[in-house]
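Novice: Before I ask anything, let me first share the structure, which is written out below as C-alpha cells.
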2 protein chains.
Amino acid sequence: MAAATFSATLVAPSILNSHSETNTASSSFHKPKISVFAKPKSICFRSSGPRICRVFNANKFVRTEVNSRAAGVIRANAAQVAEEARPSAQKEMEVVDVDLGDRSYPIYIGSSLLDRPDLLQSHVKGRRVLVVTNTTVGPLYLDRVVAALTHGGSNISVESVILPDGEKYKEMGTLMKVFDKAIETRMDRRCTFIALGGGVIGDMCGFAAASFLRGVNFIQIPTTLMSQVDSSVGGKTGINHPLGKNLIGAFFQPQCVLVDTDTLSTLPDRELASGIAEVIKYGLIRDAAFFEWQEKNMQALLTRDPSALAYAIKRSCENKAEVVSLDEKESGLRATLNLGHTFGHAIENGIGYGGWLHGEAVAAGTVMAADMSYRLGWIDDTLPKRIVKLLKQAKLPIAPPEEMTVDKFKSIMAVDKKVADGLLRLILLKGPLGNCVFTGDYDRKTLDDTLRAFCHS
Amino acid sequence: MAAATFSATLVAPSILNSHSETNTASSSFHKPKISVFAKPKSICFRSSGPRICRVFNANKFVRTEVNSRAAGVIRANAAQVAEEARPSAQKEMEVVDVDLGDRSYPIYIGSSLLDRPDLLQSHVKGRRVLVVTNTTVGPLYLDRVVAALTHGGSNISVESVILPDGEKYKEMGTLMKVFDKAIETRMDRRCTFIALGGGVIGDMCGFAAASFLRGVNFIQIPTTLMSQVDSSVGGKTGINHPLGKNLIGAFFQPQCVLVDTDTLSTLPDRELASGIAEVIKYGLIRDAAFFEWQEKNMQALLTRDPSALAYAIKRSCENKAEVVSLDEKESGLRATLNLGHTFGHAIENGIGYGGWLHGEAVAAGTVMAADMSYRLGWIDDTLPKRIVKLLKQAKLPIAPPEEMTVDKFKSIMAVDKKVADGLLRLILLKGPLGNCVFTGDYDRKTLDDTLRAFCHS
C-alpha cells in the first residue's frame, strides 16, 4: 500500500515536456490515478535542462535518473516556469534528484510532506531511528516526524536528542551529545539518523552519521529556507573549530532530503532573509534567468507566497544538485557555490558564531566579492548595483559590521578551506550575469582595496 | 633520479613465478640493474595467489595492480615461501598492494625504508606535511622522517604534533590537539598528514585526516608489529568513546603504508607479542598454511629473526589487503578480520583502555571464540588446543582478566559495532583450520556457556 500511496503523488509537472519510455505510460501519465504506474519501467521528462527518468520496478518507485549535461548555466525561462508552478491541487510534490551514482538521492519538495509516512519510511534503513533536532524546532515538528515514522505499525523505534539552538553550538562538545545518545540508546550500524532543523542541525547530524560506527544512514528534514535551498543538499557535513568555520567534517550524502515547505510558516523573518541570500547566489553564479526572476518576485518571497517560495526552493535545489553531481568533492566547480562565503565566514568567525546569521554574512560577502570583481574589471558597474538593490530589498546587510577590520579579515581568511599551498582562492564574478570563476589568479592589491573600502580600519 | 633509485629496489621475489608482459622485461628482470625498468610498461607476477602487475610509465613506478580472485582462502605453501624470503642482499623491499580502484595504494615493507626519501616524497601531495606521533616514537624516529621528507631540497615544509602515548588517549580531546595544530600551522586542503607510531596514532591521525577540511591526504608509517600487520592497512580510522572502542571514525584510505621493519628493534616484548596475536588471526580465519608456518616459526618471531618477521608482516598484509579489496566497507567478509575482537574489545573497555594491550585482549578473545565454536560443534577439539598452545608460546593471555564478569561482557558486547537490529553477530571458526563464519545465527545459550566458562562471576 505504501508504494501505491507514494506513486500517486508523483504527478508530472506541467512545466515539463513530459514523455514516457513506453506507450502505456504516455497515454496514462497525466491522469492522477494510482494505476498510472502499473506498467512502465521508466518515465522520462525533459525540460530545458537534463533528461529526468523515474525508474519503477513492480509499481514501486526505485530511483530517479538525471542525465547530466556538461557543466553550464541553466537558462530555462524561469519566470514562465514560476507562473505554471502549481497548476492544480494534484501537484503536491516536486522531486529533484542529486545524481551521484550509487549515492544518488531524491530531494522531495512540497506541502505537508511531514504527514507522508510513506516518504520517510521508504528511506529508513533498519528499524532504529535517532532524530537530531533542537530546542526551537523539536517542540514544533518532532511529534509529527515520530508519528510519520511509526505510522501503520511500521516497526520502527524512534529516539531523539534535542540540542541547544544556534551556530555557536555547532562544535565538538555538542556533537558528542549526539554520539552519547546514539550509544546509550544502542543505535547500531543499521540505524538511521534524521536531521530535523536548520543548517546547524543538518551539518552536525550529518557529521555524526558519517562518523558513528564509521557511517550510518541519514535523512535530512530541513526546516529553514537556508537549509532547504542549500545546506541540506550535497553532503557537506561538519562542525566549527574555534579558529574557523566548518574546518572539521566529512562529505557524506543523505538517503533523501525532505523539504516540507509548510515549515517555513514558523520561520522568523530574519531567518527567511538569510536563506534568500543563498537563493540570490545561485542566480549570480550560474542562472541569470533565476536572478531576473528574483528581481521581479522578491516581494512575493518576502511575503511568503507559497508558489514563489516553492519555485525558489526547487530552482535552487536543481542548481545545487547539478553542481554537486558534476563535482561532489569540490575539486573546482562546486567551490563556486561559495560566492561571498570566504568574506562571509570571516565575518561570522570574526564577530563570534551566531552574531550574524550565515546568510547575512554571505550577503555582505557577496557585495564584497562583486566589488572586487568590478575593481578587477571583470564585470560592468551595473551588476554590483543590481546586487545591492536586491539584497537591500531582502533586508540583508550589504557591508560587514564595523568591528571587522582589514587585519581581522586577512587573518581569518588565511585559514579558509579554499587556501591551497598558501594561496587564497576566491569565487569572483566574471562576464555577463550568471558567470563566475574560482581562482587564485587575481591582483592581491585589489583584494586589499576591497577590504579597505568596506572596513573602517 | 628519484624514480631510478626507487625502481632499483623493486626486485622480483624469487618465490614468484615471474614473467613479464614484454620480452624486454622478461630477459632482464632478474638482473639487479636500474635499467631493468627502462622499457616495460607492465611487469607481472603470479604466485598461487592473485596475478600482480607493477605498472610503469616513463621509467616511473605508477602503481601495482592485483587481479582479485573470488573470496577464498590463500593456500600458498607458506613454509617454502619463508625459506626463500630473502634470497639476496638486493631484496630490500616488498610491495603489497591494496586494490581499491582509484583509492588503491601500496604497502612498502623492508629494512631502512625511513632512509628512503624517494618513497615518502613520492606520496606527499602539496608542500605541507603534519607528522602526528607520540612521546615514545617521536624521539626515536621523527627526525629521520623529517630528514627524508626534506631531503634534496624537496620544498616540503614539515610540522609535527606529539601526543601522549597510550590507548586511553585515543579520544576526542587528544584528537582536537591534532586539529588545533593543523589549523595553527595553516595546513590546507593540499597538505598531507603522516601517522608515525602504532595503532593508536594511526587510527587518530587517519580520522583527523579524514575529517580535517573534510579530508586531506595521509600516509601511515606504522612502528609496532600490531600496526604493521593490521591496523595501518585498510583505512579503518577512529577514536574510542567512553562507552565503547572505535565507535567514532571513518573509512579513509592512506596514500601509502611504509613499514620499516627496523623500527621493531625498539619495540618492547609485550608489544611484539600483542602484534603476534593478529598474525595468528590471519592463519585461523583464512590461511591454514600461514598458521602452520607460525607453529613452526613462533620462536623465530619472538627472537625477532628479521626474515621471519618480514615474512609474517608481508603475509599478514597480503591477507588483509585481499580481504579489504573484496569488502572495503565491511558488509560481510571484512568482519572476519575481527575474530576474537568482540570479546577482546569488551575486555579492553571493561578494564579501562590501556590496561591490556589490544593484542592481549584479542588473544583471550580468540580463545573464547574458539571455545564457543567448539561448543557449537563447528570445529573439532584439536583446534582450540593448538590455538592455546601457540598463544601460550607467544606469552599471550588465554583467558580474560578476573574482573571481567559475565554481566560486564554482555553489557559491553551489546554496543559492539557488529550488533545489527539488536542482534550480536560474531566471527566464529567453522570447518577445517583456516575457515570461519560471520554470523548472528548461533545458539544464545552457547554464548552464555562460554562466558560462564571464562568468568568467575
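Novice: Report the residue count in segment B:174-189 for those that are facing chain A (nearest Cβ under 9 Å) and surrounded by fewer than 18 Cβ atoms within 10 Å (Cβ to Cβ).
Specialist: Total satisfying the criteria: 4.
Novice: Mind telling me which of the residues B:Gly249, B:Gly244 ends up being within 14 Å of chain A (Cβ to nearest Cβ) and surrounded by fewer than 24 Cβ atoms within 10 Å (Cβ to Cβ)?
Specialist: Of B:Gly249, B:Gly244, the one residue that is within 14 Å of chain A (Cβ to nearest Cβ) and surrounded by fewer than 24 Cβ atoms within 10 Å (Cβ to Cβ) is B:Gly244.
Novice: Can I ask one more? Within segment A:372-388, track down each residue that is among the β-branched types (Val, Ile, Thr) and touching a residue at least 12 places away in the same chain (Cβ under 8 Å).
Specialist: Within segment A:372-388, A:Ile379, A:Ile387, A:Val388 qualify.
Novice: Something else: Only residues that are part of a loop (DSSP other than H, G, I, E, B) and within 14 Å of chain B (Cβ to nearest Cβ): list them for segment A:97-126, please.
Specialist: Scanning segment A:97-126 gives A:Val124, A:Lys125, A:Gly126.
Novice: A:Ala288 passes all but one of (1) under 25 Å from B:Gly234 (Cα atoms); (2) more than 14 Å from every other protein chain (Cβ to nearest Cβ); which number fails?
Specialist: A:Ala288 satisfies all of (1) under 25 Å from B:Gly234 (Cα atoms); (2) more than 14 Å from every other protein chain (Cβ to nearest Cβ) except (1).
Novice: Listed residues A:Ala195, A:Ala209, A:Ala147; which is closer than 21 Å to A:Asp230 by Cα, more than 11 Å from chain B (Cβ to nearest Cβ) and in a helix (DSSP H, G or I)?
Specialist: Result of the check over A:Ala195, A:Ala209, A:Ala147: A:Ala209.
Novice: All but one of (1) at pLDDT 90 or above; (2) among the basic types (Lys, Arg); (3) surrounded by fewer than 17 Cβ atoms within 10 Å (Cβ to Cβ) hold for B:Arg69; which doesn't?
Specialist: The number of the failed condition is (1).
Novice: Within segment A:381-394, does at least one residue satisfy the condition of being assigned to a loop (DSSP other than H, G, I, E, B), outside the structural domain of A:Thr237 (by TED's automatic domain parsing) and farther than 19 Å from A:Gly359 by Cβ?
Specialist: The answer is yes; a qualifying residue exists.
Novice: Going residue by residue through segment A:357-366, is there one that turns out to be buried (at least 20 other Cβ atoms within 10 Å of the Cβ) and at pLDDT below 95?
Specialist: Looking through segment A:357-366, at least one residue is buried (at least 20 other Cβ atoms within 10 Å of the Cβ) and at pLDDT below 95.
Novice: From the list A:Asp305, A:Asp260, A:Asp327, exactly one residue is surrounded by 23 or more Cβ atoms within 10 Å (Cβ to Cβ) and acidic (Asp, Glu). Which is it?
Specialist: After applying the criteria, what remains is A:Asp260.
Novice: Out of everything in segment B:117-158 that is of a type in the set (D, E, K, R) and touching a helix residue (DSSP H, G or I) at 6+ places or on another chain (Cβ under 7 Å), what residue ends up being farthest from B:Val200 (Cα to Cα)?
Specialist: Among those that are of a type in the set (D, E, K, R) and touching a helix residue (DSSP H, G or I) at 6+ places or on another chain (Cβ under 7 Å), it is B:Asp118.
Novice: Among (1) under 14 Å from A:Pro222 (Cα atoms); (2) within 15 Å of the chain's Cα centre (by Cα), there is one condition A:Leu267 misses while meeting the rest; what is its number?
Specialist: (2)
Novice: Sticking with this one: Within segment B:139-179, how many residues turn out to be under 30 Å from B:Gly350 (Cα atoms), among the small types (Gly, Ala, Ser) and at pLDDT 95 or above?
Specialist: Selection size over segment B:139-179: 1.
Novice: Right, another one. Can you tell which of A:Pro222, A:Pro268 is buried (at least 24 other Cβ atoms within 10 Å of the Cβ) and either within 14 Å of another protein chain (Cβ to nearest Cβ) or modelled with pLDDT of 95 or more (or both)?
Specialist: On inspection, the qualifying residue turns out to be A:Pro222.
Novice: Continuing with the same structure: From the set of residues in segment A:422-445 that are buried (at least 18 other Cβ atoms within 10 Å of the Cβ) and in a loop (DSSP other than H, G, I, E, B), which is nearest to the chain's Cα centre (by Cα)?
Specialist: My answer is A:Gly434.
Novice: Quick check on my filter: what residues within segment A:127-144 are closer than 16 Å to A:Pro164 by Cα, in a loop (DSSP other than H, G, I, E, B) and either of a type outside the set (S, T, N, Q) or touching a His at 6+ places or on another chain (Cβ under 7 Å) (or both)?
Specialist: A:Val137
Novice: Please pick out the residue among B:Val129, B:Val158, B:Val137 that is within 14 Å of chain A (Cβ to nearest Cβ), in contact (Cβ under 8 Å) with a residue 24 or more places away in the chain and buried (at least 20 other Cβ atoms within 10 Å of the Cβ).
Specialist: So the residue among B:Val129, B:Val158, B:Val137 that is within 14 Å of chain A (Cβ to nearest Cβ), in contact (Cβ under 8 Å) with a residue 24 or more places away in the chain and buried (at least 20 other Cβ atoms within 10 Å of the Cβ) is B:Val129.
Novice: Still on this structure: Does segment B:331-356 hold any residues that are on the phi > 0 side of the Ramachandran plot and buried (at least 23 other Cβ atoms within 10 Å of the Cβ), and which are they?
Specialist: B:Gly340
Novice: Out of segment A:395-421, which residues are away from chain B (no Cβ under 14 Å), part of a helix (DSSP H, G or I), touching a residue at least 12 places away in the same chain (Cβ under 8 Å) and of a type in the set (D, E, K, R)?
Specialist: Correct list: A:Lys408 only.
Novice: Here is a list: B:Gly215, B:Gly153. Which entry is free of Cβ contacts under 8 Å to residues at least 24 places away in the same chain and either at positive phi or not in a helix (DSSP H, G or I) (or both)?
Specialist: B:Gly153
Novice: Which of the residues spanning segment B:310-324 are in contact with a helix residue (DSSP H, G or I) (Cβ under 6 Å, 6 or more places away or on another chain) and of a type outside the set (Ser, Thr, Tyr)?
Specialist: Across segment B:310-324, the qualifying residues are B:Ala310, B:Ala312, B:Ile313, B:Arg315, B:Asn319, B:Val323.
The values are calculated or read from the model by the stated rules, or taken from the named source; none is laboratory data. Computed from a predicted structure; not experimentally measured. Positions of Cβ are generated from backbone atoms using ideal geometry, with glycine treated the same way; all protein chains shown enter the neighbour counts.
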